[in-house]
Protein chains: 2
Amino acid sequence: MASFIESDSDRKAFIDRFENYLFDCDGVIWHGDQLIPGVKDVLAYLRGRGKRLFFVTNNATKSRESFKSKFDRLGIEADLDEIFGSAYATALYLKRILKFPEHKKVYVIGEKGVEDELASENIRYCGGTDPADNEFLELMDFSSVTTDKEVGAVLCGFDMHINYKKLAKAHRYLIENEDCHFILTNDDSTFPTDGSIFPGSGAISAPLRYAVAGKKTPIVVGKPNQPMLDCILDKHHLDRSKTCMIGDRLDTDILFGINGQLSTLLVLTGVVKKAEIEQADAKIIPEFVIDSLGDFAPLASA
Amino acid sequence: MASFIESDSDRKAFIDRFENYLFDCDGVIWHGDQLIPGVKDVLAYLRGRGKRLFFVTNNATKSRESFKSKFDRLGIEADLDEIFGSAYATALYLKRILKFPEHKKVYVIGEKGVEDELASENIRYCGGTDPADNEFLELMDFSSVTTDKEVGAVLCGFDMHINYKKLAKAHRYLIENEDCHFILTNDDSTFPTDGSIFPGSGAISAPLRYAVAGKKTPIVVGKPNQPMLDCILDKHHLDRSKTCMIGDRLDTDILFGINGQLSTLLVLTGVVKKAEIEQADAKIIPEFVIDSLGDFAPLASA
């Protein structure tokens with residue numbers, strides 16, 4: 001059963017126990033462009049106590065630089081090295097884990113954030129925001145869908161310019177180029193914004209996953225999958241037993257922590273309500289629960 | 001075990017047994033724009049014998065009128081009433097089986113052929129080829145993805161102008177409009193053309209299927225699913241025991257026939273090789289097999 005953090009001693013024990021905190025951002029630190037009350041003080045307090053903080057988000061449209069601008073704008077201290085968006089983690093994964101060869105390139109279905117992070121790791125890429133790949137094809141005109149043997153990976157993230165040309169090219173590389181990797185930044189089916197929910201990165205990659213089913217299985221970097229964590233651990237050498245994942249979603253954040261043998265803290269400022277984790281048939285159970293990350297603030301002002 | 005049609009008496013017995021023949025087109029009657037040798041004579045012979053012929057194709061981009069032009073161009077007699085493309089079958093399904101109400105409209109992800117067939121059944125539609133729905137959205141600008149309570153069905157076929165705006169609108173109707181139907185012309189993962197294979201209708205609908213998984217399950221009209229057959233039987237009142245489905249694909253055509261309690265004939269002019277159906281672990285077994293539909297030609301010239 002999850003242990004609910006309510007008293008001063010609960011809060012203190014929780015803070016004393018860990019050296020490293022991984023934070024999901026939306027629903028934990030902010031809602032869109034609105035900071036969650038108290039969170040700024042809590043993060044500053046943790047830094048003051050010598051804790052290491054990491055920001056781990058599946059949002060694949062932003063580079064670390066863009067995330068950093070958001071942290072700056074909201075007045076929260078965050079170092080580039082502490083930010084792990086799924087775009088960056090995917091670039092790291094290609095470079096460090098897959099040892100992606102320099103003479104190959106990555107075909108991108110995604111936004112500029114993905115391209116920026118590939119560039120930061122000196123990985124060659126094509127597709128993405130290239131105007132030639134952001135146009136509609138006329139019905140049954142496949143003449144521009146050519147082969148390219150230099151493509152050694154197809155990387156698919158969130159892309160609001162998804163189109164048939166990109167899908168057909170990516171599909172072709174996946175089936176025709178030997179050992180072509182198939183990598184997704186994340187596979188979230190939807191995401192909430194503007195008071196509704198919209199198809200997410202997992203929906204963008206769904207056509208490719210369906211078309212190559214049985215032939216090729218993608219590697220998914222983002223939460224709840226472990227490549228994201230492998231990248232963080234590979235870069236920062238954290239002790240799992242001294243690390244806690246803090247998030248607002250059971251099926252991404254908390255599962256990510258559990259699968260990675262980290263401790264987990266669920267905050268209730270996002271999509272999950274308290275009743276949900278108290279159900280008898282609850283499958284994903286966080287180690288700790290708190291109403292809001294801001295509820296650690298009394299420690300900061302003590 | 002499948003019975004291989006080789007001798008004159010095999011051919012004659014096969015023709016004597018059935019009153020109605022359902023033909024898949026590509027790989028059976030033609031390859032792209034090339035008639036398969038002998039087929040023209042065979043079809044004329046069957047008509048001369050008073051058989052009823054129907055052309056049943058998953059291709060969702062063409063209306064019956066467009067298919068008819070192709071038959072005309074290739075010099076094959078075919079009546080509009082004998083042609084069942086998945087676009088037409090889907091319109092029929094909405095009208096006859098679902099009794100789609102006149103005051104509602106269908107949101108289309110698909111090409112002009114789908115729109116034409118909806119119009120032929122006096123069904124209101126939106127989306128599709130409307131220029132307003134065929135543009136790219138800027139990153140995180142969802143302002144044009146508005147609600148529309150008149151949408152009572154999302155119809156998804158093959159669409160080379162697939163884009164995020166269409167996906168986001170369709171997704172919104174599916175989750176926000178009560179009882180909104182979710183209908184696919186077909187769910188083929190890929191199709192062969194120009195010497196390669198390309199993502200098919202099932203890939204185009206994959207983002208929506210993934211985003212609404214667990215909330216809404218689509219009705220798939222095309223082969224091997226049965227709504228396509230329901231439409232044909234509803235319109236022409238065929239006796240299943242006197243009807244044979246002829247096709248080149250096991251997992252669409254032959255399965256369609258088997259599931260519909262029709263007899264089945266596999267032709268080897270398409271994707272399936274003889275060895276495949278002779279394997280001990282073959283799962284979908286046609287009742288009859290012939291090298292080519294053109295091999296019935298000796299009967300025609302006898």
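Readers should treat all values here as calculations from the given coordinates under stated rules, not as data from a laboratory. Fair warning: this is a prediction, and the values are worked out from it, not measured in the lab. We place every Cβ from the backbone using ideal geometry, glycine too, and count neighbours over all the protein chains shown.
To the nearest 20 debye, what charge dipole does the protein assembly as shown have about its Cα centre, counting +1 at the Cβ of each Lys and Arg and -1 at the Cβ of each Asp and Glu?
440 debye
Quick one: work out the % antiparallel among DSSP beta bridges in the protein assembly as shown, nearest 5. Intermediate values should be presented prior to the final figure.
On the way: 12 of 83 bridges.
Rounded to the nearest five, the antiparallel share is 15 percent.
Checking a compactness column here: for the range A:150-218, what do you get for Rg(Cα) / (2.2 N^0.38 Å), N being the number of residues? Kindly include the intermediate steps, with their values, before the conclusion.
On the way: Rg = 12.7 Å, N = 69, 2.2 N^0.38 = 11.0 Å.
Against the empirical 2.2 N^0.38 Å value, I get 1.15 for the range A:150-218.
What's the center-to-center distance, using Cα atoms, between the range B:80-132 and the range A:255-289 in Å?
45 Å
Quick one: Cα centre-to-centre distance for the range A:1-31 and the range B:156-185, in angstrom?
Going from one Cα centre to the other spans 40 Å.
Where does the Debye-calculated log10 I(q)/I(0) of the protein assembly as shown sit at q = 0.06, 0.08, 0.10 Å⁻¹, using only Cα point scatterers of equal weight, no solvent?
Each listed q maps to, in turn, -0.39, -0.65, -0.91.
Only bridges whose two residues both fall in chain B count here: according to DSSP, what percent of them are antiparallel, nearest 5? Don't skip to the answer; put the middle values down first.
Numbers: 6 of 41 bridges.
Once the DSSP bridges in chain B are tallied, antiparallel ones form about 15 percent.
Charges at C-beta only: +1 for Lys and Arg, -1 for Asp and Glu. How large is the resulting dipole of the range A:88-220 about its Cα centre, in Debye rounded to 20?
500 debye
For the range A:228-287, what ratio Rg/Rh do Cα atoms give with a Kirkwood hydrodynamic radius?
Rg/Rh for the range A:228-287 comes to 1.02.
Jot down the radius of gyration and Dmax of the range B:185-302, Cα atoms only, both in angstrom.
16.6, 58
Scattering from the C-alpha atoms of the range B:58-174 alone, worked out with Debye: what is log10 I(q)/I(0) at q = 0.11, 0.18, 0.20 1/Å?
-0.39, -0.89, -1.04
Over the range B:117-186, what is the mean sequence separation of C-alpha contacts under 8 Å (at least six apart), divided by residue count, expressed as relative contact order in percent?
Taking the mean separation of contacting Cα pairs over the length of the range B:117-186, I get 35 percent.
Quote the relative contact order of chain B in percent (integer), defining contacts as alpha-carbon pairs under 8 Å separated by 6+ residues.
23 percent
In the range B:9-49, how does Rg compare with the Kirkwood Rh, expressed as the Rg/Rh ratio over alpha carbon atoms?
Using only Cα positions, Rg/Rh for the range B:9-49 is 1.00.
Of all beta bridges DSSP finds with both residues in the range A:88-220, what is the antiparallel percent, to the nearest 5?
In the range A:88-220, DSSP labels about 20 percent of beta bridges as antiparallel.
Once Rh is set to the Kirkwood radius over Cα pairs, what Stokes-Einstein translational diffusion coefficient, in µm²/s, holds for the range A:103-234 at a temperature of 37 °C and a viscosity of 0.692 mPa s?
Diffusion coefficient, whole number: 215 µm²/s.
Near B:A300, within a Cβ-to-Cβ distance under 13 Å, what is the net charge of the other residues, with Lys and Arg +1 and Asp and Glu -1?
Values: positive: B:R11, B:K12, B:K40, B:R47, B:R49, B:K51; negative: B:D8, B:D41, B:D295.
Every neighbour counted, the sum reads +3.
B:H31's amide H: which non-local residues (gap 5+, or another chain) put their own amide H closer than 5 Å, with H modeled 1.01 Å from N in plane and none for Pro or chain starts?
B:I36
Add +1 for every Lys or Arg and -1 for every Asp or Glu among the other residues with Cβ under 15 Å from the Cβ of A:P224, and state the total.
-4
For Cα pairs less than 8 Å apart in space and 6+ apart in sequence, what is the mean separation divided by the residue count of the range A:16-135, i.e. the relative contact order in percent?
RCO, the range A:16-135: 22 percent.
Hey, what number do you get for chain A at 222 nm if only DSSP H runs of n ≥ 4 count, each worth -39500 (n - 2.57), divided across all residues, to the nearest 500?
So the calculated ellipticity at 222 nm is -8500 deg cm²/dmol.
Could you compute the net charge surrounding A:E65? Neighbours are other residues with a C-beta less than 14 Å from the C-beta of A:E65; K and R count +1, D and E count -1.
Summing Lys and Arg as +1 and Asp and Glu as -1 gives -3.
List the trypsin sites (Lys or Arg not before Pro) within the range B:249-302 that fall in a DSSP loop (any state other than H, G, I, E or B) and whose Cβ has at most 10 other Cβ atoms within 10 Å.
B:K273, B:K283
Could you give the C-alpha radius of gyration of chain A expressed as a fraction of 2.2 N^0.38 Å, taking N as the number of residues it contains?
1.05
Along Cα→Cβ at 7 Å, what distances in nm separate the A:I97 label point from those on the other copies, shortest first?
Values, ascending and in nm: 4.3.
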